[in-house]
2 protein chains.
Amino acid sequence: MVAMQSAETRYAKPVLVATNKLTGDESGLEALRNHALFNTLSGSDFQNLILQSRRLRLGHHQLLYRQDMPAHHFFFVMSGRLRLYRLDSSGIDRTLDSIAPGDCFAEVMIYADPARYACYAEALKSSEVLMIPVKAYQEMLDKNSDYAHAALRHYAQRAVSRFHDLEIMTVQNARDRLIRYLIDLLPNGAAEGGEVELPLPKCLVASRLAMQPETFSRILADLKSNGLVRVNRSKLFISDPKRLIEISQ
Amino acid sequence: MVAMQSAETRYAKPVLVATNKLTGDESGLEALRNHALFNTLSGSDFQNLILQSRRLRLGHHQLLYRQDMPAHHFFFVMSGRLRLYRLDSSGIDRTLDSIAPGDCFAEVMIYADPARYACYAEALKSSEVLMIPVKAYQEMLDKNSDYAHAALRHYAQRAVSRFHDLEIMTVQNARDRLIRYLIDLLPNGAAEGGEVELPLPKCLVASRLAMQPETFSRILADLKSNGLVRVNRSKLFISDPKRLIEISQ
DNA sequence: GGGATCTATTGATTTAGGTCAATATTCCGG
DNA sequence: CCGGAATATTGACCTAAATCAATAGATCCC
């Protein structure tokens with residue numbers, strides 16, 4: 001069943017329309033400059049790239065691109081939050097990732113020929129993204145082999161991280177999948193506790209973890225009653241991650 | 001629970017030992033030459049790379065490398081079959097991928113610093129792999145930006161494919177996960193039927209799909225009795241993939 | 001080729017988690 | 001700040017799949 005009405009049915013209208021040119025001297029570009037894909041670029045290459053990029057504002061639930069749509073740009077999140085999902089043949093909406101400010105995304109399939117997006121991307125709240133032309137970036141890669149190394153490192157990292165996501169999904173019971181998901185949200189693994197914010201509404205976290213929202217809710221209530229997590233809206237406080245791991249065997 | 005005794009307990013002995021030098025004029029290298037990572041290389045660069053590589057024979061269940069082990073090589077499968085898996089804190093063995101002749105693997109995390117393997121790799125039967133030094137390959141990438149583009153395309157493809165694996169795992173019931181897994185094994189998607197061979201023993205396919213071997217067996221028996229698949233050992237014949245997709249909703 | 005050891009199947013039973021339904025809470029625009 | 005819509009929680013019930021157990025096939029190795 002569908003956890004949530006899909007963006008596909010809500011928004012059948014064109015995407016990628018209203019854009020703003022960048023001056024090359026914008027606030028919020030420091031984060032981009034520090035991103036692994038860009039921090040090795042020379043000043044002029046970086047300038048050149050952002051002069052060819054555009055800033056795009058997205059409203060709540062606005063669709064950025066569709067699965068299989070030709071892909072000419074990749075994106076950097078300046079503010080807000082997005083999610084990546086796929087629709088299968090029966091129209092079921094499968095959330096696969098969430099994207100936070102400072103993340104770069106949609107890069108994964110753009111080196112294919114023809115380049116097409118591998119999934120849908122929509123804003124979960126009002127967001128601002130930078131759209132970077134793939135072609136401009138690729139041309140830059142030719143100039144300096146350091147750039148290519150940085151890109152390879154980034155892509156390799158991305159593949160490992162998906163591999164790790166896959167590992168969680170081979171965990172056979174819902175409680176343990178949820179526990180492992182929470183542990184991964186902690187900034188320094190299980191080393192110490194802390195507060196984490198769910199990157200998606202609860203019903204989408206449930207879908208991401210292949211369980212029903214009701215099951216998610218019950219497991220969380222149970223962890224709460226055992227004093228393992230403290231819940232406040234979408235913020236969870238995990239005092240003792242080691243104990244959490246123990247009970248998940 | 002553990003589907004199978006883990007390789008970790010079976011083989012605590014060193015790996016990567018007995019190797020054979022290559023002459024640069026071996027049989028079985030055409031497949032390597034045609035691989036996406038190598039088909040753009042110049043003849044001399046290719047020669048140079050394989051002269052620095054070594055052929056490695058692996059016995060049934062022999063471990064090739066361990067998770068978190070420093071990674072100086074990546075691999076190309078010449079014959080046999082391998083599997084990639086991870087061990088979690090409780091020692092549970094999670095099969096995540098299988099590797100066939102003609103595949104290149106272990107490339108995903110070797111661009112990290114320090115380079116470490118992201119999982120275990122073991123031979124499922126006696127196999128032959130080529131071990132290629134990462135450093136030699138990286139040096140080559142610097143020489144020609146076409147090489148880097150090929151590598152990026154390959155890595156991007158890999159990330160998309162893991163993304164797709166993840167999508168299957170968000171399917172909430174065991175039967176539908178299995179059906180989607182089978183459909184993906186068909187060479188041309190659901191376009192037409194055909195015979196597929198399970199790339200892993202049944203109990204490992206079950207683990208890969210987050211279900212018990214008993215459940216796997218029962219689902220397959222049920223599909224068989226409905227005339228949807230014909231089963232012969234590890235070979236399955238799927239006459240009508242469309243019908244299979246339909247019943248999975 | 002025959003015994004030993006993995007691997008797969010089938011049955012009986014239990015349980016985790018899905019489904020349906022009702023209520024509560026949060027979010028968001030006016 | 002209010003009201004409606006979306007999201008989340010809780011309960012009762014039921015089904016899919018896990019578990020336990022026993023048997024049957026494969027595969028390996030001497």
Exercise for the section: Give the residues of the stretch A:223-249 that are open to solvent by 10 Å² or more (accessible area, probe 1.4 Å) and not in a loop (DSSP other than H, G, I, E, B), sorted by residue number. Expected result: A:224, A:225, A:230, A:231, A:232, A:235, A:237, A:242, A:243, A:245, A:246, A:247
Handout entry: Test for residue A:84: is it among the aliphatic types (A, V, I, L, M), in contact (Cβ under 8 Å) with a residue 12 or more places away in the chain, open to solvent by less than 10 Å² (accessible area, probe 1.4 Å) and under 17 Å from residue A:161 (Cβ atoms)
Key = yes
Practice task
May I ask you to say which residue of B:200, B:220 is outside the structural domain of residue B:125 (by TED's automatic domain parsing), at pLDDT 95 or above and assigned to a helix (DSSP H, G or I)?
Solution key: B:220
Practice task
Could you please give the count of residues in the stretch A:203-217 that are in contact (Cβ under 8 Å) with a residue 12 or more places away in the chain and part of a helix (DSSP H, G or I)?
Solution key: 10
Problem - Checklist (1) within 16 Å of DNA strand D (Cβ to nearest atom); (2) modelled with pLDDT under 90; (3) among the hydrophobic types (A, V, I, L, M, F, W, C) applied to residue B:63, failing item - result: (2)
Handout entry: Some residue of the stretch A:239-248 being without any contact (Cβ under 8 Å) to a residue 60 or more places away in the chain and away from chain B (no Cβ under 14 Å)
Key = yes
Problem - Residue that is surrounded by the fewest Cβ atoms within 10 Å (Cβ to Cβ), among those in the stretch A:198-219 that are away from DNA strand C (no atom under 12 Å from the Cβ) and hydrophobic (A, V, I, L, M, F, W, C) - result: A:200
Practice task
Inspect the stretch B:227-235 for any residue being of a type in the set (Ser, Thr, Tyr) and within 16 Å of DNA strand D (Cβ to nearest atom) and give the result as yes or no.
Solution key: yes
Exercise for the section: Give, as residue ranges, the strands (runs of 3 or more DSSP E) completely inside the stretch B:89-197 that count at least 3 residues that are surrounded by 16 or more Cβ atoms within 10 Å (Cβ to Cβ) and at the interface with chain A (Cβ under 7 Å from one of its Cβ atoms). Expected result: none
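The values are calculated or read from the model by the stated rules, or taken from the named source; none is laboratory data. Keep in mind that this is a model prediction, so the values were computed, not measured. No Cβ is skipped: glycine too gets one built from the backbone with ideal geometry, and neighbour counts run over all protein chains shown. Side chains included, ligands, DNA and RNA excluded: accessible areas come from the protein's heavy atoms. Shrake-Rupley method; radii C 1.70, N 1.55, O 1.52, S 1.80 Å.
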